[in-house]
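Read the structure below first, then the notes.
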Amino acid sequence: MKLRIKRMALLLALIFGMAACGSPEEPKQNLWANRYKTPEVNLQKWVGHYWRHGEIENKGGLTMDFFLYEEQGKFYGYLSIDEWEYIEVDGENRTHRTKQRMLTTVSARGGEVFVYFYEDIPMDFSMENEWEEAYSGAYGRGDLLFSMKREGEDIITTWEKPFPAETEESLAERKFSDRDLLSCELTGEKDKEAFLAARGVEDAEKPFFEYYDEDGTLLLTVYMDDPAEGGTGIYYFYTMAGNLYVQGFGIPACEEAEWADRRFDVTKDGDNGDGSGVEGYEESYEYNGEGQLVRFLSEGTITDMGEPYRDRVIEVTYSYREDGTLEKKEGFYNAWVFGTTGCSETCFYDAEERLIHSYAYITHGSTEDFYIYLGDGSNPDYRLMLDHSGADTCALALLHYTD
């Protein structure tokens with residue numbers, strides 16, 4: 001699919017902010033207020049991703065995506081429309097592309113789901129050999145865009161006018177492309193179930209591994225029959241507003257690796273930074289009353305970034321539980337000395353002081369690692385390495401540790 005929704009979490013934040021400003025004024029009915037109501041049709045069963053895509057040979061085409069989602073019993077919609085036309089200009093082939101992104105309200109009655117325009121989402125364009133524009137002014141708040149109903153296994157979509165897709169073709173339930181099966185956003189439980197089925201997960205009730213944070217919130221579910229053949233992951237992320245964002249991804253076949261316990265290693269992968277570009281290097285250690293290391297600090301003068309200046313080279317801090325067991329390790333590694341990859345890192349440990357979860361900075365986003373223990377051993381059996389870039393979460397590697 002040509003369309004990739006870059007961050008539905010941001011859209012959810014926009015919607016909740018919009019809702020907080022009050023309900024829109026509509027002469028016939030207050031659709032935004034009625035988004036809570038689900039007469040005759042259970043909207044929860046419709047939550048998901050719907051789309052259509054068609055091309056006219058050598059002329060252009062159309063892609064539409066509609067996301068119907070629910071937050072705390074409230075139902076919303078996001079509609080994306082991309083139309084394109086191939087045109088020759090001064091002997092050069094160019095593409096004229098017209099786009100619209102809009103928020104919608106949703107209601108249900110008489111066995112149908114009705115989708116109404118609420119608000120356009122501003123867009124910026126910049127693509128070589130294309131000129132683009134957005135639809136504007138075509139709809140007023142509360143205008144009916146389309147309706148959907150089920151007839152057997154089919155979804156019948158009725159389009160209203162004015163509408164850029166003057167077509168009898170209906171939206172269909174989402175079909176996962178090969179790229180989607182590697183990494184894609186999932187909208188609702190139905191979408192997640194379809195993704196797992198498309199990935200070949202036969203028993204979604206028996207995951208290989210689940211990770212919950214200290215508050216008992218599920219962050220990760222892993223499905224694998226044979227780690228040597230890889231598997232499937234579901235990643236859960238909650239925004240600052242408490243809205244849930246779910247990503248499905250494929251897990252590659254595991255690789256063999258050797259485990260190294262770095263709990264009290266205060267270097268950056270064996271490098272303490274006392275080398276080229278750093279002068280006057282100094283270290284200090286701080287301990288608590290129990291003799292446990294709570295802070296390591298190294299400083300130096302950075303000499304290869306213009307005017308020399310004094311700065312931290314490495315700073316590592318340790319947090320302990322009331323019973324004295326290690327709970328968290330946080331590291332700062334000067335990006336001018338070590339580079340930006342992993343220049344900040346946070347590691348979490350369980351009650352047995354085993355590393356269970358970590359995340360680190362990387363230029364395009366962040367990395368996040370989960371450590372899987374199949375028994376009571378002190379060393380992990382597997383390490384799942386994730387990469388977060390914009391809206392995408394993908395699995396970098398699955399490592400199998402040998403003793």
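The values are calculated or read from the model by the stated rules, or taken from the named source; none is laboratory data. These figures come from a predicted structure and were not determined experimentally. Neighbour counts run over all protein chains shown; Cβ positions are idealised from the backbone, glycine included. These area figures cover heavy atoms from the full protein model, side chains too; ligands, DNA and RNA do not enter into them. Shrake-Rupley method; radii C 1.70, N 1.55, O 1.52, S 1.80 Å.
Summary table below
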{"read-out": "Index of the failed condition, T363 passing every other in (1) within 24 Å of L398 (Cα to Cα); (2) of a type in the set (V, I, T); (3) open to solvent by less than 70 Å² (accessible area, probe 1.4 Å); (4) modelled with pLDDT under 95", "value": "(3)"}
{"read-out": "Test: residue in segment 231-246 that is touching a helix residue (DSSP H, G or I) at 6+ places or on another chain (Cβ under 8 Å), hydroxyl-bearing (S, T, Y) and not in a strand (DSSP E or B)", "value": "yes"}
{"read-out": "Residue match in segment 193-210 (condition: in a strand (DSSP E or B) and at pLDDT 95 or above)", "value": "yes"}
{"read-out": "Residue satisfying all of: in segment 171-194; among the small types (G, A, S) and over 18 Å from L43 (Cβ atoms); surrounded by the most Cβ atoms within 10 Å (Cβ to Cβ) among these", "value": "S183"}
{"read-out": "Top-ranked residue in segment 78-89 [being in contact with a Leu (Cβ under 8 Å, 6 or more places away or on another chain) and among the acidic types (D, E); ranked as nearest to E189 (Cα to Cα)]", "value": "D82"}
{"read-out": "Candidates F75, F67, filtered to the one that is touching a Leu at 6+ places or on another chain (Cβ under 6 Å) and either surrounded by 16 or more Cβ atoms within 10 Å (Cβ to Cβ) or modelled with pLDDT under 80 (or both)", "value": "F75"}
{"read-out": "Extreme residue, modelled with the lowest pLDDT, among residues of segment 120-149 that are exposed (fewer than 15 other Cβ atoms within 10 Å of the Cβ), of a type outside the set (A, V, I, L, M, F, W, C) and not in a loop (DSSP other than H, G, I, E, B)", "value": "E130"}
{"read-out": "Criterion (surrounded by fewer than 17 Cβ atoms within 10 Å (Cβ to Cβ), at positive phi and in contact (Cβ under 8 Å) with a residue 24 or more places away in the chain) met by exactly one of G270, G277, G306", "value": "G277"}
{"read-out": "Members of segment 287-299 found to be more than 38 Å from the chain's Cα centre (by Cα) and either assigned to a strand (DSSP E or B) or surrounded by 15 or more Cβ atoms within 10 Å (Cβ to Cβ) (or both), listed by number", "value": "Y287"}
{"read-out": "Cβ-Cβ under 6 Å pairs, at least 6 apart or on other chains, segment 189-210 side closer than 22 Å to Y50 by Cβ, far side of a type in the set (V, I, T) and surrounded by 14 or more Cβ atoms within 10 Å (Cβ to Cβ)", "value": "R199/T232"}
{"read-out": "Scope segment 320-330; condition part of a strand (DSSP E or B), of a type outside the set (K, R) and without any contact (Cβ under 8 Å) to a residue 24 or more places away in the chain; matching residues", "value": "E327, E330"}
{"read-out": "Total residues in segment 247-274, condition assigned to a strand (DSSP E or B) and within 23 Å of the chain's Cα centre (by Cα)", "value": "5"}
